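Notes to accompany the following structure.
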Amino acid sequence: MERRNDDELTAIEEQTADEAIRRLLARYGQPTSVAPPPDLTARVLARLPDKPPAAAALAERQRRRHVRVLVGMLLSVLLVLLILGSWGVLVNSSGPAELLGGVTSAVGQLVLVLVLAAKPLVHVLFAPGVTLLLPGVLLVASAVWLWWQLVQQTSLAQPVEA
Amino acid sequence: MDQQADEARWVTQALAGDQSAFTRLVERYTGVVYNQAYRMLHDAQEAEDAVQEIFLKAYTRLDTFDASRRFVNWLLTISSNHCIDRLRRRRHTWVTLDDVAFWLPSSQAGPEHRALQRERREIVQHALQQLPEQYRLVMILRYWHDLAYNEIVEITGLTESTVKTRLHRGRKMLAEALGSDGETLWNAETMTS
């Protein structure tokens, strides 16, 4: 059989190369099998859901969908508050309510309440202190996360081998 | 009854809600999956986490298993994809916890002992890590799991020609990664055989 390029070997060359790498590996004591920790099977089994596979898959899909919906709703609410708050700060507070039936209507009053509630949030966002506050919050959150990861990685219940 | 028929039956039983049937599959293949993950990821802790996630994925996707295939090959497909995903995510990790938590007591042996063990057992493992993940994968499947080309094709979803090309380049890269010693041996072997 003729080869078409440098990376395509004939059957004989393939076999030769295969045997050669096996001999090379053998000189380094490979391939060997790595023994898994004795409790790994038990840990795998402990993580499996109690439900049958189909039900577990369905539950997992639903959980992911719920998370996506929740995150979407949260972001939407924040966006709406930001828009209403900005309108209230930059234009006027009753503007959005006027568009929805006026401040005397129930919907208008609800929107007005939202605008008034969102205005302090927008003020906070534009306040000069936030530029200092944000890195501080991020630093504290990172430290807490790091501490939690370290605690999880260090098994305090088991004695440390010498 | 042969192994493949046994496993197909266990899968059917597991799908019907018999947890003990899936337990048998986990017991049988934890070692295989762990070895695959360890060779790919070169980190015992990460390999343990990966094994748990791989079996969890296998469990929730059990209905996609085709009984005409070997269960281990199907499992290695999930394992291979999972390990490659982990390696890709690892590229975005700037620093590992082990890098920053050097002061913590380790449950492993001391550094001198570890170094000696590594030197003795893991020269090839270190060399293997220098291969790009796609080449590493086919090398592990071929030489550590001792799979035939058609099985590697089935697991990776590549064509046979691509598998052969990757193995060819992988062999060369591994010999080079083993340093002058490995390269010399490789050249001598391939020239004289």
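The values are calculated or read from the model by the stated rules, or taken from the named source; none is laboratory data. Values in this document were obtained by computation on a predicted structure and should not be read as measured data. For neighbour counting, all protein chains shown are included, and Cβ atoms are generated from backbone atoms with ideal geometry for every residue, glycine included.
Of all the numbered requirements in (1) surrounded by fewer than 10 Cβ atoms within 10 Å (Cβ to Cβ); (2) in contact with a Lys or Arg (Cβ under 6 Å, 6 or more places away or on another chain), A:Gly88 misses one, and that requirement is (1). Listed conditions (1) outside any loop (DSSP other than H, G, I, E, B); (2) in contact with a helix residue (DSSP H, G or I) (Cβ under 6 Å, 6 or more places away or on another chain) are all met by A:Val140, apart from (2). Taking segment A:13-66 as the range and being under 30 Å from B:Arg142 (Cβ atoms), facing chain B (nearest Cβ under 7 Å) and hydrophobic (A, V, I, L, M, F, W, C) as the test, the residues that pass are A:Ala17, A:Ala20, A:Ile21, A:Leu24, A:Leu25, A:Val34, A:Leu40, A:Val44.
Give the residue, chosen from B:Glu46, B:Glu7, that is of a type in the set (Asp, Glu), closer than 23 Å to A:Pro52 by Cα and more than 8 Å from chain A (Cβ to nearest Cβ). Walk me through how you get there before you give the answer.
Working: B:Glu46 fails: closer than 23 Å to A:Pro52 by Cα.
None of the others qualify; the one that does is B:Glu7.
Quick one: is B:Arg88 away from every other protein chain (no Cβ under 12 Å), farther than 29 Å from A:Ala26 by Cβ, at pLDDT below 95 and not in a loop (DSSP other than H, G, I, E, B)?
Details: away from every other protein chain (no Cβ under 12 Å): yes; farther than 29 Å from A:Ala26 by Cβ: yes; at pLDDT below 95: yes; not in a loop (DSSP other than H, G, I, E, B): yes.
Answer is yes for this residue.
Pairing each residue of segment A:59-86 that is on the phi > 0 side of the Ramachandran plot with any residue that is outside any helix (DSSP H, G or I), provided the two are 6+ apart or on different chains, yields no C-beta distance under 9 Å.
A search for C-beta distances below 8 Å between a residue of segment B:53-72 that is closer than 17 Å to B:Ala5 by Cα and touching a residue at least 24 places away in the same chain (Cβ under 8 Å) and any residue that is acidic (Asp, Glu) and assigned to a helix (DSSP H, G or I), counting only pairs 6+ apart in sequence or on different chains, returns B:Arg69/B:Glu154; B:Arg70/B:Glu7; B:Arg70/B:Glu151; B:Phe71/B:Glu7.
Residue by residue, here is whether (1) buried (at least 20 other Cβ atoms within 10 Å of the Cβ); (2) modelled with pLDDT of 85 or more; (3) among the basic types (Lys, Arg); (4) in a helix (DSSP H, G or I) holds:
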site: B:Gln108; (1), (2), (3), (4): no, no, no, no
site: B:Glu119; (1), (2), (3), (4): no, no, no, yes
site: B:Tyr135; (1), (2), (3), (4): yes, yes, no, yes
site: B:Leu141; (1), (2), (3), (4): yes, yes, no, yes
site: B:Asp146; (1), (2), (3), (4): no, yes, no, no
site: B:Glu154; (1), (2), (3), (4): no, yes, no, yes
site: B:Thr162; (1), (2), (3), (4): no, yes, no, yes
site: B:Met173; (1), (2), (3), (4): no, yes, no, yes
site: B:Glu176; (1), (2), (3), (4): no, yes, no, yes
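The single condition among (1) facing another protein chain (nearest Cβ under 7 Å); (2) assigned to a loop (DSSP other than H, G, I, E, B); (3) surrounded by 14 or more Cβ atoms within 10 Å (Cβ to Cβ) that A:Ser93 does not satisfy is (1).
Look at A:Arg64 and say whether it is part of a helix (DSSP H, G or I) and within 25 Å of B:Glu48 (Cβ to Cβ). Reasoning before the result, please.
On the way: part of a helix (DSSP H, G or I): yes; within 25 Å of B:Glu48 (Cβ to Cβ): yes.
Criteria met by A:Arg64.
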